[in-house]
1. Using only the Cα atoms of segment B:219-311, build the gyration tensor, take square roots of its eigenvalues as a ≥ b ≥ c, and label the shape rounded, prolate or oblate: rounded if a/c is under 1.5, else prolate if a/b is larger than b/c, else oblate.
2. Over all residues in B:292-299, what is the mean tally of Cβ atoms on other chains that come within 10 Å of each residue's Cβ?
3. Trypsin sites (Lys or Arg not before Pro) within segment A:207-282: which are DSSP loop residues with at most 16 other Cβ atoms inside 10 Å?
4. Whose amide H sits under 5 Å from the amide H of B:Val435, counting only residues 5 or more places off or on another chain, with H placed in the peptide plane?
5. Put the label 7 Å from Cα along Cα→Cβ for A:Gly312; what are its distances to the other copies, in nanometres, shortest first?
6. Using alpha carbons only, how many degrees (0 to 90, rounded to 10) separate the axis of helix A:208-217 from the longest principal axis of chain A?
7. Just checking the output field for B:154-164: average partner chain Cβ neighbours within 10 Å of each residue's Cβ?
8. If you take the beta carbon distance between A:Gln483 and A:Glu130 as r and set R0 to 56 Å, what does 1/(1 + (r/R0)^6) give as a FRET efficiency, to the nearest 0.05?
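Each reported figure results from applying straightforward, stated rules to the coordinates on display, with no laboratory input. All values reported here derive from a predicted model rather than from experimental measurement. FYI the Cβ positions are ideal-geometry reconstructions off the backbone, even for glycines, and counts take in every protein chain you see.
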Number of protein chains: 2
Amino acid sequence: VESHRNDGTTTLSREIDRLFHPRSIAIPGVSSDPSRFNSGRRYLECLLEADFKGALYPINPNASDIGALRAYPSIRDIPGPVDYVISAVPARHGPQLVADCAAKGVRCINFFTSGFSEIEAEEGGRLEAEILDAARGAGVRILGPNCLGLYCPATGLSFILDFPADEGPAGVIAQSGGNAVYSIMEGQRRGVGCSKVVSYGNGADLNESDFLEYLAGDPDTEVIGAYIEGVKDGPRFAGVLKRAAREKPVIIYKGGLSESGRRTTASHTASIAGSSSAWQSLLRQSGAIQVQSVDEMIDMFLAFLRMPPPRGTKTVVIGAGGGTTTKAADDCSRAGLHLPALPAELRQKLKELNRGEVGRIFGNPIDIGLLIPPDRRLQAAAVLAAWDQADVLIMQVAFDHFGLVTRKDKEQMLGPCIENILDLRRLTDKPMAVVLHSYAAEHSREMAIEAHRRLRDAGFAVFPSLARAATAVREVIRYREWQQGQ
Amino acid sequence: VESHRNDGTTTLSREIDRLFHPRSIAIPGVSSDPSRFNSGRRYLECLLEADFKGALYPINPNASDIGALRAYPSIRDIPGPVDYVISAVPARHGPQLVADCAAKGVRCINFFTSGFSEIEAEEGGRLEAEILDAARGAGVRILGPNCLGLYCPATGLSFILDFPADEGPAGVIAQSGGNAVYSIMEGQRRGVGCSKVVSYGNGADLNESDFLEYLAGDPDTEVIGAYIEGVKDGPRFAGVLKRAAREKPVIIYKGGLSESGRRTTASHTASIAGSSSAWQSLLRQSGAIQVQSVDEMIDMFLAFLRMPPPRGTKTVVIGAGGGTTTKAADDCSRAGLHLPALPAELRQKLKELNRGEVGRIFGNPIDIGLLIPPDRRLQAAAVLAAWDQADVLIMQVAFDHFGLVTRKDKEQMLGPCIENILDLRRLTDKPMAVVLHSYAAEHSREMAIEAHRRLRDAGFAVFPSLARAATAVREVIRYREWQQGQ
């Protein structure tokens, strides 16, 4: 179990774990005027809102109190120990800050501050090297610069107001602050909470490999997602990634795979992005799962966390509406899932349950009529779930495909349709994914949002399209096969 | 201009045009009990709601009035001429209905009824052949069977309650009723109205080629979209498609390209789907644009209708947030758009307008700071729009990427940000696309929906992701090049 810590980096992982559990945080440059909501002030408010468990020390040379907290003129004036410092002061004050932190025995400085190696002027690179040297000499670790820092609901670390207070099983490493924020907010909306998230920006000191190694060994983290623009040490990253993927699923969204994308990463986080094909083969060999967006990363989280692993790729798609059903078949095939044809006996059973309602499709995908009574629709779904050739079930609900019906009809149909899906879960332990889509009309969208809420809260993996559900299911199967071969 | 009508099919197109302008419609099997909302009754209510301009004749042997309308025992009993009949009666009554319509001189029967060649039982194919023979002998055209029929806001033809009453420039042919409905509803949501839509199901008589040829010559239609599962006459379709694409953009969503998809189309509309590669090369050679969903079809409509054609692929992406910007670069490259690097002089201008706000990216994509005053942000965008190397502008608004800000901040930022885009349109005639995305938080979604409404109503082409915007822009350029080569 501890094999990934065999390379002498246990100390580093313990060090990072302490960063997620600081006893105290100091924030230089907090505005004392609540209407001047500067970055320092914002961090302070976020930590207060997140109910940070340790001591908070706002730094302001011209104020004695900020809100209900005592303010200090400098880091050195704080009476107790300071574990962690969040800096939003201009880059040019960086060296002085590092000197103060060194004197105080601070463990880590999170430089929200940008204006270092990611800018074009030589001065940025020079300053970054200077603070890095000074920090290393004094045993102070640097997070960033040019990043949002740490989110950990268990200890009350946060960097945005409104972040969820509940813990979850996903650990996320993001070189972009925006992607870190989006992972947390969109993860919450779709039902995936986070254990720990780090936005690490330029990664000048603590970097992607350090955090990946840490999350691989973190018992609170079941799946890992990473948005990476470039890595500092290729061979080390490759080794850490492979060990991490053996432990738990690692989903990688690599940014900057195109030429202009690479130009962008240089000015965003001073990263050398690396070629697309090199990345692809590295990720494939390491057992990592490559995605092209944070949305797809969350798809993978859902497929890993909210479904038992499918035995194989044989899929039964239960949907509504002919056009949708045809699209479902095409999308599954493209993703690499197989839709076995139903045997005559099974088709006969379905037809009997359908009792002469015409226009339905009894192949696979199956278009079970929405107009037949819910109990018979549930029976039909249960017959399919019990079929020994079905490894996975995908249930589709398409709100605008109900045919010739009024809005009231739709509302009356939606409830039983969602109930059917909830009931089916009680009748089968087969892996199930749900697809909610096609809500163009205003009232359909409202219904879809409500249906999503109910199914999400009941623990389902819900996807916005069949294509994305199928891709996520396929990747889970691929990963489990790779893992068994290790 | 009339070249596409040179093959002797003018008569057919005139015939179809008359179907979209019927003087009267009869509907067999309309329930007289308003609480028994059967299919016939639904069609009647739809036509009443759509304010159909001609006479409506509900058929019911046991009622003398239905609502405010006089009911008739059979088609033959109607006093005036009947142009069009919508049938929801069971398939087995089909032959009798055709005989009645032949006697009455009806031009076309829209068989909503399913249970014909798309079902497995031999009886279905036999019945379809029987009604087809009888209709042909009597000069009655068949629409369907197994389809929803015609939508034409100008004449008040409709098949769903709540359909938009306003006309628009898109003509849509759909072999799936669900996809026809979704094209109309989602098109309305995104700002693309329809001239004429036909759901044609099995296409036993009037088929995809007939309607494509008609829409190509229809002066009310500027762009054509088609969802096709299979074609009846390959060579004829190829010829009609090529002539149509010369006239106006034709966007094809071909369903059933996978093996299981093909199995599905057989039971959905009795279609032989054809191989994926054969379709791809046919569409490419014909100048048609292939998409994989109705959503992408609407993307293409927007790019054709709401942007002047770009001169070339050189694109400037104006966005916010580093991770988003990197993704934008990768997505554009993948779609085949080029992002020229900004010359030093232009970068200098942008930096001056930005006045020392650090952490911004002045490459291309450009991350213009959201915190700088709106007038300077607009100036920066105008400088980029005026750059002679920019063929297209893509503006990105990412609601959850605003960094360390409160909800109130977001609301205050959103207004000016949208205003900037509206103002920019007045300063440039360059093609512009807008991308609104990343709204995980509940309040961000509300803001995004409101922003979408404003931009849509101001005439912008708005896309839900950069990848989809870039693909649509690229296809417009490809089509214009193909068209010029003809």
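1. Prolate shape, in that a/c is at least 1.5 and a/b is the bigger ratio.
2. Partner Cβ neighbours, averaged per residue: 3.
3. A:Lys232
4. Amide H to amide H, under 5 Å and 5 or more residues apart or across chains, B:Val435 pairs with B:Met395, B:Gln396, B:Val397, B:Phe463.
5. 5.4
6. In chain A, helix A:208-217 runs at an angle near 60 degrees to the longest axis.
7. Mean shielding by partner chains, rounded to a whole number: 2.
8. 0.80
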